1. Within the chain, what is the longest stretch that has no GluC sites (Glu not before Pro) placed in a DSSP loop and near at most 13 other beta-carbon atoms within 10 Å?
2. Can you work out the Karplus-derived ³J(HN,Hα) for every residue in segment 423-434? Use 6.51 cos²θ - 1.76 cosθ + 1.60 with θ = phi - 60°, whole Hz, and x for glycine or proline.
3. Taking the chain as the reference, fit the longest principal axis to its C-alpha atoms, fit the long axis of helix 178-188 to the helix C-alpha atoms, and give the angle between the two in degrees, 0 to 90, nearest 10.
4. Which of rounded, prolate or oblate describes segment 11-115 when judged by the alpha-carbon gyration tensor and an a/c cut-off of 1.5?
5. Computed FRET efficiency, Cβ-Cβ of A776 and E571, R0 35 Å: what is it to the nearest 0.05?
6. ³J(HN,Hα) across segment 471-478 via Karplus (A = 6.51, B = -1.76, C = 1.60, θ = phi - 60°), whole Hz, x for Gly/Pro?
7. Using Cα pairs under 8 angstrom and six or more residues apart, how large is the relative contact order of segment 309-458, in percent?
8. Testing the spin-label approximation: label points 7 Å from Cα along Cα→Cβ at A120 and Q202. State their distance in nm.
Amino acid sequence: MSPRDALRHPALVVGIVLAALAAGVRFAGMPVDVVTQIAVYTLYGLGVNFLIGYLGLVPFGASLYFGVASYGVAIGMGHFGGSEAAAFAGAVLFTTVLALLSGFVILRRRGVYFSLLTLACSQLAFEIAYRWTDFTGGENGLQIATRPEFESAGGFAALVIGVVVLACVLLWGIAHSSFGRRMQAVRDNERRASCLGIDVFQVKLRAFTIAGAAIGVAGAGMALLLRGAYANPLSWQQAGDAVLMVALGGVDHFLGALWGAIAFIVLENKLSAWSENWWLYFAPIIIVLAFVNPGGIHGLFRRLRGRGGRTLTREQIPPVPAGIEEYAPDAPELAGSRADAPVLEVRGLSKRFGSIVTQNAIDLRVAARGVHSVIGPNGAGKTTLFNLLTGLLEPDAGSIRLRGRELVGVAPHRRTRLGLSRSFQIVSVFPSLSVFENLRVAVEAAGGRAASMHRDPYRDPRGHARVWQLLAAVGLLERASRRCEDLAHGEKRLLDIAMSLAGDAPLLLLDEPLAGLSEADRERVGGIIRRIARTRSVLLIEHDIDRVLALSERVTVLHMGRVIADGAPAEVAADPAVREAYLGARVPGQSAPARQERPLAPGEAPEVLRCRGLSAGYGGSLAIRDIDFELRAGEVVALLGRNGVGKTTLLKTWMGMLRHVDGQLELDGQDIVRKPSFLRRRLGIALVPEGRRLFPNLTVAENLRLAQRPGGARFAEVCQLFPKIGVLARARAENLSGGERQMVAIARALMAPSKVILLDEPFEGLAPVVVAEVKAAVLKLREFASVVIVEHNAEEALELADRAYVLVNGRVAFSGPARELEQDRGLQERLLGIHGEDAARGAARHDGTQQAA
């Protein structure tokens, strides 16, 4: 640790603050026990926030371990005649074992059920302590007659402060260890952590045990401070005190427990001396603080200094090395396997959700090397197949064998360790971690070893080489220090792919890896897939049929849960059943439909949306600068640009989801720049976000009814626009395919009166036949609203648009007629990174030539 890091260590801050408080109360003639109580409660809060801040678990009943440890000290000294040190050690050991055993049961549940189970256990312990009078003293508690080893109040305070500082050092070290990074990954995204090979339950149980031990130390210290143990801290009335302290200080900050403990005890002492009903005054103070500053006291300190974000860990990442080797996948170990043996064999795989059959006796054989693509229309069961292969779903029937080993019944993290890695259709990363941390977690998890709790992986330069190598491979070196939540959608997609590459698994499952990427990034990812396929197997789901045919050695086509074709790409592409089901091709003898020309918006139509000099960004840095934009009634405008140039940021700023820094924004001539999101929606701006963001536990009909407002479209009208919605009305949103979700998301925007509809990546991850259906719907949307389309595929958007804007580095680099940009291949290449042959291929595809070359 460098001298600079040592001076900024939170343990040093805790020690200095507590020592200063001890000196201050002595100078004021107050008892030093107040500072000892603050120190004890600081440790109590640190243990609780170890679960809340780092793991996302809220233990309302953490008082169980605090109270049990207190009774442990009192019983050890009173009933067994032990010394303070022996009783203290015995109480902490017993509490640690109790946390381990209770956590093994409680952690089977998540969310509110976890919180309630901890509270129930604490209340159960209270009833035992209160009623077992002979052993616990009942309502009078157990008193410790003497404290000979710690008779001096000042000496005991110094000892407690020293223990708290030591605990801070240990907890801060664990937070920065490999294990701590995994805790934060599990907090952000359990499913992704599991699919990287992390045993989520083991991480939770170890963390829960550590937190129980820390809280036990605090409880044992409180018993020595009070010279006794009492049942009150175990009751439900006081069980949430520690959670309240942490929230008061700031759950997103390591030092939040310190400030929360100081504020809690000072307010409690002052208000209780003034009134018996002190909670009547304390509660409003908490409520006001929560509304005024949800980041807690420490968050307020940072805001006053012009800083934001979390401080649960250090913000710095290791420096970028001078030289980075080019990514080259290693050849997998195939010991005991024949060279021609398949890496994956699926036999009779079946799965149904109620009456919906998503897999019907699927047979699949994947070779040990090469690209094997799985294609099919939206809703065919492709992503469900990946979920079955990786263990996120269990099949109703069938067999899955990876390199000869049966996987059915094997946990997802064990399947990953056996050689199965995947990316996700809906981008799955750890949003609150930096790009570097995301990939570092993936690389470490790929090793399959238990995470260390004492070694900081950032201080091991040898372990960084693979991380930097993968970041360079996907073009994210410059974004390494950015939090994932601040990345553009395409950048998150690239990171998701890089995380799936971390382990060099013998079988890599890529679920729509090109969705949402610019043409340049598609070429980059395509090159990576080719390199991987030379030494291992890639099972690919993708709707870009041209690239599928170019990359694949074999193609399997799913339709309505069945395999309808399997073979070489040329054979599959020529299959009439495939063309009818997937590409939307006409049947033999049917006349070719005439290409529908886009209607032109009136040149003198009134402006609906207008912005001038609009700037916005994240964390003090601007993502868009001086944006001038106008949208007229009945117009379709394409908003284009490479990944990360600010397209989605501009939509969020228009919608009020991101606060503007400068500029003007008007809707129908009304200034809306300071209006919140819900008012902008009521005034007529509707956003169809990337990722669709439906309510997964609600049905399609419930999602739409929830958004319905007077003057909006009726359910029957949106069913005319998307007939499939009527069929899916009773289906839960979580069971829909990507295309079906997109239809519902667009329909939801129509359920309330809309003047402007913002479509963010409306064609992402859709089969060609569904893209045609959505495009037809977009043309109909202009009958009652103006439309802005953000789309990585410029050809798709330009075909629909009247005008186009192109962003480069957060600024408008082009604005003009869509035809002009569509026909100028050189301009597209310069602004969008689309090569001439790519643009020509896209134009040919839109002219109806959807055939394999």
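The values are calculated or read from the model by the stated rules, or taken from the named source; none is laboratory data. Quick caveat: nothing in here was measured; it's all calculated off a predicted structure. Cβ atoms come from the backbone with ideal geometry, glycine included; neighbour counts cover every protein chain shown. Accessible surface is based on the protein model in full, side chains and every heavy atom, while ligands, DNA and RNA are left aside. Shrake-Rupley method; radii C 1.70, N 1.55, O 1.52, S 1.80 Å.
1. Within the chain, the longest run free of exposed GluC sites (Glu not before Pro) spans 334-596.
2. With the stated coefficients, segment 423-434 comes to 10, 10, 4, 8, 3, 10, 10, 9, x, 8, 8, 6 Hz.
3. In the chain, helix 178-188 runs at an angle near 60 degrees to the longest axis.
4. It is oblate, given that a/c is not under 1.5 and a/b is not larger than b/c.
5. FRET efficiency, A776 to E571: 0.70.
6. 4, 5, 4, 9, x, 10, 4, 6
7. Relative contact order, segment 309-458: 20 percent.
8. 2.9 nm
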